[in-house]
1. Of the conditions (1) assigned by TED's automatic domain parsing to the domain that holds Thr228; (2) open to solvent by 90 Å² or more (accessible area, probe 1.4 Å); (3) farther than 20 Å from Ile231 by Cα, Asn119 clears all except one; give me its number.
2. Anything in region 281-306 that is under 18 Å from Glu258 (Cβ atoms), open to solvent by 20 Å² or more (accessible area, probe 1.4 Å) and out of contact with any Pro (no Cβ under 9 Å at 6 or more places or on another chain)? List them, or say none.
3. Filter region 12-45 down to the residues that are hydrophobic (A, V, I, L, M, F, W, C), open to solvent by 60 Å² or more (accessible area, probe 1.4 Å) and touching a residue at least 24 places away in the same chain (Cβ under 8 Å) and list them by number.
4. So the check is Cβ under 8 Å with 6+ separation or different chains; which pairs have a first residue in region 137-163 that's under 23 Å from Cys296 (Cα atoms) and a second one that's within 12 Å of the ligand (Cβ to nearest atom) and of a type in the set (Gly, Ala, Ser)?
5. Quick one: which residue in Thr253, Thr228 is of a type in the set (S, T, N, Q), at pLDDT 95 or above and closer than 19 Å to Tyr139 by Cβ?
6. Test Pro132 against the stated conditions and say whether it is modelled with pLDDT of 95 or more, within 25 Å of Met155 (Cα to Cα) and not aliphatic (A, V, I, L, M).
7. Sort out which residues of region 134-152 are in a loop (DSSP other than H, G, I, E, B) and either outside the structural domain of His320 (by TED's automatic domain parsing) or among the β-branched types (Val, Ile, Thr) (or both), and write them in order of number.
8. Here are Val211, Val207: which of them is at pLDDT 95 or above, under 30 Å from Leu327 (Cβ atoms) and buried (at least 21 other Cβ atoms within 10 Å of the Cβ)?
Amino acid sequence: MKEKLEQIKKSSEELLKNAGSLKELEELKVKFLGKKGELTSILKMMGGLSPEERPKMGQLANEVRSKIEEDFQNAFKDIKEKELELKLKAEKLDVTIKGTPVAKGHLHPLSQTLENLENIFIGLGFTVVEGPEVETDHYNFEALNVPKDHPARDMQDTFYLGENLLLRTQTSAAQIRTMETLKPPIRIICPGRVYRSDDVDATHSPVFHQVEGLVVDKGITMCDLKGTLEIMVHEIYGNDTKVKFRPSFFPFTEPSVEVDVSCPECGGKGCRVCKGSGWIEILGAGMVHPRVLKGCGIDPDVYSGFAFGIGLDRLTTTRHKISDIRLLFENDDRFLKQF
Ligand code: PHE
């Protein structure tokens, strides 16, 4: 029996040395230490020994068992380390290999121009507010001094969503919402989408963008309007660009103007873009009509204000010399990449 135990010890030592994988080790463990393993079957034979031999053999068997168990533990540890090393080697990354370039996106030219405008006006002390695109007739027209039967409604072909609900035709609706909630001094711009039932062509789209501006305080004059807009034009188009204020009409401003800039394409000589005139119209503006101020609870004898509505799409196409407004909405990557 002693010999058998020694033999088991030896052969397990040998086999363990050559075991190359965790799986092999597991199998060996069952073979030696398992319920039906070699060591267990020897221990079962202990019953046949004499009472003097039994404790001696018992001790030896226990020693052999703990030795084998210890060997197994070490072998498991070694193999795990080896396997990890192999795995790490196989998964090694060469971080110096060049990757596939990822195409970087950027802001749409409309968003870029809007960001420029926001920065200019924030620099002048304005805050940016937003209004809803679905408006009531009241905010889009009535409160802006355009009653139901007013001919000025024909200037803007409207998408109605119900009797009193519509897609806003102008960001001017935001003037009223602002004046109803804020007390002067007020200095805001409100950018956003506006909608008019226009046919699509190179200069028209049923959805376009405006940036409304509103200033209300004591002693605001047309000079403030002119100065503010000139700063904006020079920042956007460059300091050499000329600005022209033309008398015009809007029901919610009095007096009203339209503002032209010298054509960025030809510098004012006259070309296809400015239709030979040398000028391009970019916005409507004026002094807020006293009736509009009054309607919002602001006393026109104490306060005055100016408002303007910039055509963001026009500003973007002209400053970048884009010939067709549709290019801004088609989202063709080959076009957008240029900006
Ligand atoms: N809302 C006008 C338009 O869409 C522009 C405008 C805004 C005019 C503010 C005067 C003051 O045509």
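The values are calculated or read from the model by the stated rules, or taken from the named source; none is laboratory data. All figures in this text were calculated on a predicted structure; none of them were measured in a lab. Note that we place each Cβ from the backbone using ideal geometry, even for glycine, and neighbour counts take in every protein chain shown. These area figures cover heavy atoms from the full protein model, side chains too; ligands, DNA and RNA do not enter into them. Shrake-Rupley method; radii C 1.70, N 1.55, O 1.52, S 1.80 Å.
1. Checking Asn119 against (1) assigned by TED's automatic domain parsing to the domain that holds Thr228; (2) open to solvent by 90 Å² or more (accessible area, probe 1.4 Å); (3) farther than 20 Å from Ile231 by Cα, the one that fails is (3).
2. Glu281
3. The answer is Met45, and nothing else.
4. Note: pairs meeting the criteria are Tyr139/Ala173; Asn140/Ser172; Asn140/Ala173; Leu144/Ser172; Leu144/Ala173; Val146/Ala152.
5. Values: Thr228 fails: closer than 19 Å to Tyr139 by Cβ.
Only one candidate qualifies: Thr253.
6. Details: modelled with pLDDT of 95 or more: yes; within 25 Å of Met155 (Cα to Cα): yes; not aliphatic (A, V, I, L, M): yes.
Answer is yes for this residue.
7. Listed by number, the list holds a single entry, Val146.
8. Values: Val207 fails: buried (at least 21 other Cβ atoms within 10 Å of the Cβ).
None of the other options fit; the residue is Val211.
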